[in-house]
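Trainee: I have a structure here, written as structure tokens, and I will follow up with some questions on it.
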Amino acid sequence: MFHRSWGVGIIRKVENDTLSINFGKKAGIHEMSLKMAVNALLPLANDHIWVLKATKSRSELAKMVKDDKIWALKTIIRSFGNNCDFKRIKLELVPAILTTSEWTTWNSAAKKLLESDSTFGVNPNDINMYMVREHEISQEEKLSNEFKAQKQFFARIDILMKFVNSDETDKGSELFADMFSYFAGFLKTVTKVNEQILAAYLVVQHIGTQFPTLAVPVKYTFKQIYDDIENPREMYMLLKDTKNTTLRRDFLTAIKMLPDWSDQYINLFPTVLDRDILKLLINAGFTSKVQQMAVNCFENYRDYRDAAIFLFRECQNDEWFKSVSIPYEKQMIALINIIEITFREISNHVNTTENKKINRAASILLFKDDTLLKYMLSNDEDTVTRLYTLVDDLSDLDPAIKANIRNRILEEYPDFKFHTTEEKSSAPRGMLVTAKKLDEKKILADQIQSVDIPANAKEIGEARSQGDLKENAEYKAAKEHQHYLTVTLTKLQEELNRAVVFDPTTITTAIISFATTSTLLNNDTGKDENYTILGPWESDPDKGIISYMSPFGNALMDHKVGEKLSFTINDHKYNYTIKAIKAAKI
């Protein structure tokens, strides 16, 4: 029997109208009336997964589950009325029986068994629910049943193509013909071509070519279908490929048969982004069209962001691209502008996921291997000024990237003059920390969560067992310590979530900034004072280590050697002259 509060139990005694039920060591023995039992208890079979979990050790059950996956799947599915989805299967196994890492391996193998083993099927009304069959069925029946249960159009194509690609299925069966007929039915009367009509056409043509006995007369040519497509690029994206389908490739293959295929490929390339298309066009003598397309992508980078990034990354060494009059600097400026556009659209919540992907791709190309910086430093100072100004205008760009570029510029041009706004150091959203201190804080958080809190819970339990909580000093102390641990861990986790590791290679000594040590002349005492700027975690005022987020640290930030500083904090006046700035040892 199962009770929602006490778990799994076994009826030990029935006396008159009263049941005595043993729920194990934790919940103990409970008595209840028969009427209450009918409403509160759920009868369980001896092989129900909950019964097994209650009667067997975790190690024993884990071995059974790992050694016999089919038994484990059947046991869990049958435990829930022979109608169970994969989420429930995971819920029953993790973490009670399998660890997360063990589940990852087990999960992949189990899914393959559910797909290939004919004793498993799907609920005809819900493709996500699995059933165990009393008798094995043929692979044809299994796939046909999945096809009927599946409501998604492109997922049905996947099942059909799985049937086609399987060596175990009979392609002459009525079940296969019925599935094929479903798609052929879409082409009887076409009033407007959408992605389902196009996909159905491609599927019917593909299978009809392989299996002539299934071929049905289609009164529309591909050209007629294609001419009715308003936006071929959008249509290409709407076609959903799976591991068993190649609809997009079939679409491109069909386009190759059109008289103006080269123009269509040129039009589609910024969406398809496939080198094979470029190679096909160039080998067919359409190099000038490809080159004009490339020029257009960089000139209209706002509309062709992915294409500009692809061409910059993939085609730099191609002869056809080298001979196009697109200066390298112009290409990089296009990528900088793409980063700026995507930052702005991300901020405005416009196509956020896609823009983040594009932003990251462009940023990697320009900054990961210092591609932009190397180009800047290999040219004159005017080029450096021009390109750095564009980079500095990217307000959302990681400040560490800007700091690295500034530092390298100063190494090459010590007297380089930045604009005032360019000299300002700006901390990223969050809290700058050193890698060493971050590791220490992570270890501390793990210690509190994994060791201190469980130990405290045990102390509370032991103190509670002594009774009379009002006069129990040990219980009160343990509860106070519990509050302290909870508050400490919460604050620590919040700080860890905000933490941004400082890259020591980006230290700049042009101004007082994070990870610099400055020597200040106290104009009132005539003595030198040294201060190192780090984060709140590293702060130690007695040793001259100041947080950049503190009032004093903030007052020093962004100032140069030779500047005089006067400021007041808590009614105390400070008057300094900056004598030197050097990189701190972190």
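The values are calculated or read from the model by the stated rules, or taken from the named source; none is laboratory data. The model shown is predicted, which means the values in this text are computed figures rather than measured ones. Cβ atoms come from the backbone with ideal geometry, glycine included; neighbour counts cover every protein chain shown. Quick note on the areas: whole protein, heavy atoms, side chains included, nothing else; ligands and nucleic acids left out. Shrake-Rupley method; radii C 1.70, N 1.55, O 1.52, S 1.80 Å.
Trainee: With within 30 Å of ALA510 (Cα to Cα) and among the hydrophobic types (A, V, I, L, M, F, W, C) as the only criterion, which of ILE326, ILE401 stands out? Talk me through it step by step, then tell me what you get.
Mentor: Details: ILE326 fails: within 30 Å of ALA510 (Cα to Cα).
Answer to the check: ILE401.
Trainee: State which residue is nearest to the chain's Cα centre (by Cα) when the search covers only the stretch 391-400 and only residues that are open to solvent by less than 70 Å² (accessible area, probe 1.4 Å) and not charged (D, E, K, R). Don't jump to the end; show me each part of the working.
Mentor: Taking the stretch 391-400 first, the residues open to solvent by less than 70 Å² (accessible area, probe 1.4 Å) are 391-392, 394, 396-397, 399-400.
Filter once more, so that each one left must be not charged (D, E, K, R): 391, 394, 397, 399-400.
On the way: VAL391: 27, LEU394: 25, LEU397: 20, PRO399: 23, ALA400: 23 Å.
Only one residue tops the list, namely LEU397.
Trainee: Kindly indicate which of LYS491, LYS458 is within 22 Å of ASP540 (Cβ to Cβ), part of a helix (DSSP H, G or I) and of a type outside the set (Asp, Glu).
Mentor: Working: LYS458 fails: within 22 Å of ASP540 (Cβ to Cβ).
Answer to the selection: LYS491.
Trainee: Which numbered condition trips up ASP396, out of (1) closer than 30 Å to GLY285 by Cα; (2) not in a helix (DSSP H, G or I)?
Mentor: Of everything listed in (1) closer than 30 Å to GLY285 by Cα; (2) not in a helix (DSSP H, G or I), ASP396 misses just condition (1).
Trainee: So which helices (runs of 4 or more DSSP H) stay within the stretch 1-112 end to end and still have 1 or more residues that are open to solvent by 50 Å² or more (accessible area, probe 1.4 Å) and either hydrophobic (A, V, I, L, M, F, W, C) or closer than 30 Å to ALA149 by Cα (or both)?
Mentor: Values: elements: 24-27, 34-40, 49-55, 58-67, 69-79, 86-93.
By residue number, 34-40, 49-55, 58-67, 69-79, 86-93.
Trainee: When the stretch 270-308 is examined, which residues are found to be among the hydrophobic types (A, V, I, L, M, F, W, C), touching a Ser or Thr at 6+ places or on another chain (Cβ under 7 Å) and in a helix (DSSP H, G or I)?
Mentor: LEU281
Trainee: Any idea which of LEU280, LEU273, LEU238 is open to solvent by 30 Å² or more (accessible area, probe 1.4 Å), touching a residue at least 40 places away in the same chain (Cβ under 8 Å) and of a type outside the set (Lys, Arg)?
Mentor: LEU238
Trainee: Against the definition (open to solvent by less than 60 Å² (accessible area, probe 1.4 Å), in a loop (DSSP other than H, G, I, E, B), among the hydroxyl-bearing types (Ser, Thr, Tyr) and closer than 30 Å to ASN404 by Cβ), how does THR519 come out, yes or no? Walk me through it before giving the result.
Mentor: Numbers: open to solvent by less than 60 Å² (accessible area, probe 1.4 Å): yes; in a loop (DSSP other than H, G, I, E, B): no; among the hydroxyl-bearing types (Ser, Thr, Tyr): yes; closer than 30 Å to ASN404 by Cβ: yes.
Answer is no for this residue.
Trainee: Which one is nearest to LEU534 (Cα to Cα) among residues in the stretch 576-586 that are crowded, with 17+ Cβ neighbours inside 10 Å and touching a residue at least 60 places away in the same chain (Cβ under 8 Å)?
Mentor: From the stretch 576-586, those crowded, with 17+ Cβ neighbours inside 10 Å are 576, 578, 581, 584; that's our starting set.
This time we only want the ones that are touching a residue at least 60 places away in the same chain (Cβ under 8 Å), so: 578, 581, 584.
Values: ILE578: 18, ILE581: 14, ALA584: 9 Å.
It comes out as ALA584.
Trainee: Turning to a different aspect of this structure: From ILE545, ILE512, which residue is under 30 Å from TYR576 (Cα atoms), out of contact with any helix residue (DSSP H, G or I) (no Cβ under 6 Å at 6 or more places or on another chain) and at pLDDT 90 or above?
Mentor: Numbers: ILE512 fails: out of contact with any helix residue (DSSP H, G or I) (no Cβ under 6 Å at 6 or more places or on another chain).
None of the others qualify; the one that does is ILE545.
Trainee: (1) at pLDDT below 95; (2) more than 28 Å from ALA45 (Cα to Cα): which one isn't true of ILE157, the others all being true?
Mentor: (1)
Trainee: Report, ordered by the first and then the second residue, all pairs with beta carbons closer than 6 Å, sequence separation of six or more or different chains, a first member in the stretch 401-412 that is in a helix (DSSP H, G or I) and open to solvent by less than 20 Å² (accessible area, probe 1.4 Å), and a second member that is modelled with pLDDT under 85 and of a type outside the set (S, T, N, Q).
Mentor: Note: pairs meeting the criteria are ILE409/PHE416.
Trainee: Step by step: first the residues of the stretch 536-575, then only those that are touching a Lys or Arg at 6+ places or on another chain (Cβ under 9 Å) and under 30 Å from VAL501 (Cβ atoms), then the one that is most open to solvent (accessible area, probe 1.4 Å). Which residue is that? Full working, then the answer.
Mentor: We begin by selecting, within the stretch 536-575, every residue touching a Lys or Arg at 6+ places or on another chain (Cβ under 9 Å); these are 537-538, 557-558, 561-562, 566-567, 575.
Next, from what is left, pick out any that are under 30 Å from VAL501 (Cβ atoms): 537-538, 557-558, 561, 567.
On the way: TRP537: 31, GLU538: 23, MET557: 27, ASP558: 31, VAL561: 83, PHE567: 33 Å².
Among them, the one singled out is VAL561.
Trainee: Starting from the stretch 211-222, keep only residues that are part of a helix (DSSP H, G or I), then list their pairs with residues that are open to solvent by 50 Å² or more (accessible area, probe 1.4 Å) and not basic (Lys, Arg) whose Cβ atoms are within a distance under 6 Å, requiring at least 6 positions of separation or different chains.
Mentor: Within 6 Å, no pair qualifies.
Trainee: Another one. Considering every residue within the stretch 473-485, establish whether at least one is over 30 Å from GLU462 (Cβ atoms) and open to solvent by 50 Å² or more (accessible area, probe 1.4 Å). Please lay out each step first, then the result.
Mentor: Pass one, the stretch 473-485, residues over 30 Å from GLU462 (Cβ atoms): none.
No, the stretch 473-485 contains no residue that is over 30 Å from GLU462 (Cβ atoms) and open to solvent by 50 Å² or more (accessible area, probe 1.4 Å).
Trainee: Looking at (1) over 19 Å from GLU115 (Cβ atoms); (2) more than 38 Å from the chain's Cα centre (by Cα), can you tell me which one ALA200 breaks?
Mentor: Tallying (1) over 19 Å from GLU115 (Cβ atoms); (2) more than 38 Å from the chain's Cα centre (by Cα), ALA200 fails exactly one: (2).
Trainee: Give the residues of the stretch 370-379 that are without any contact (Cβ under 8 Å) to a residue 40 or more places away in the chain, farther than 16 Å from GLU314 by Cα and either part of a helix (DSSP H, G or I) or not polar (S, T, N, Q) (or both), sorted by residue number.
Mentor: Across the stretch 370-379, the qualifying residues are ASP370, LEU373, LYS374, MET376, LEU377.
Trainee: Quick check: is even one residue across the stretch 135-152 basic (Lys, Arg), farther than 28 Å from ASP47 by Cβ and touching a residue at least 24 places away in the same chain (Cβ under 8 Å)?
Mentor: Here is the first cut: in the stretch 135-152, the ones basic (Lys, Arg) are 142, 148, 151.
Next, from what is left, pick out any that are farther than 28 Å from ASP47 by Cβ: 148, 151.
Restricting the remaining residues to those that are touching a residue at least 24 places away in the same chain (Cβ under 8 Å) gives 148, 151.
Yes, the conditions are met somewhere in the stretch 135-152.
Trainee: Could you name every one of the helices (runs of 4 or more DSSP H) located completely within the stretch 309-369 that has at least 2 residues being surrounded by 19 or more Cβ atoms within 10 Å (Cβ to Cβ)? Spell out how you get there, then give the answer.
Mentor: Numbers: elements: 319-322, 328-347, 352-363.
The qualifying helices (runs of 4 or more DSSP H) are 328-347, 352-363.
Trainee: Return the residues of the stretch 283-299 that are open to solvent by 50 Å² or more (accessible area, probe 1.4 Å) and closer than 25 Å to PRO327 by Cβ; say none if nothing qualifies.
Mentor: PHE286, SER288, LYS289, GLN292, ASN296, GLU299
Trainee: Still on this model: Do any residues in the stretch 155-176 that are within 19 Å of LEU238 (Cβ to Cβ) have Cβ atoms under 8 Å from those of residues that are outside any helix (DSSP H, G or I) and open to solvent by less than 20 Å² (accessible area, probe 1.4 Å), where the two are at least six apart or on different chains, and which pairs are they?
Mentor: ILE157/THR245; ASP158/THR245; MET161/THR245
Trainee: Please go through (1) in contact with a Phe, Trp or Tyr (Cβ under 9 Å, 6 or more places away or on another chain); (2) open to solvent by 30 Å² or more (accessible area, probe 1.4 Å); (3) modelled with pLDDT of 85 or more; (4) not aliphatic (A, V, I, L, M) for THR434 and return the number of the only condition it doesn't satisfy.
Mentor: (2)
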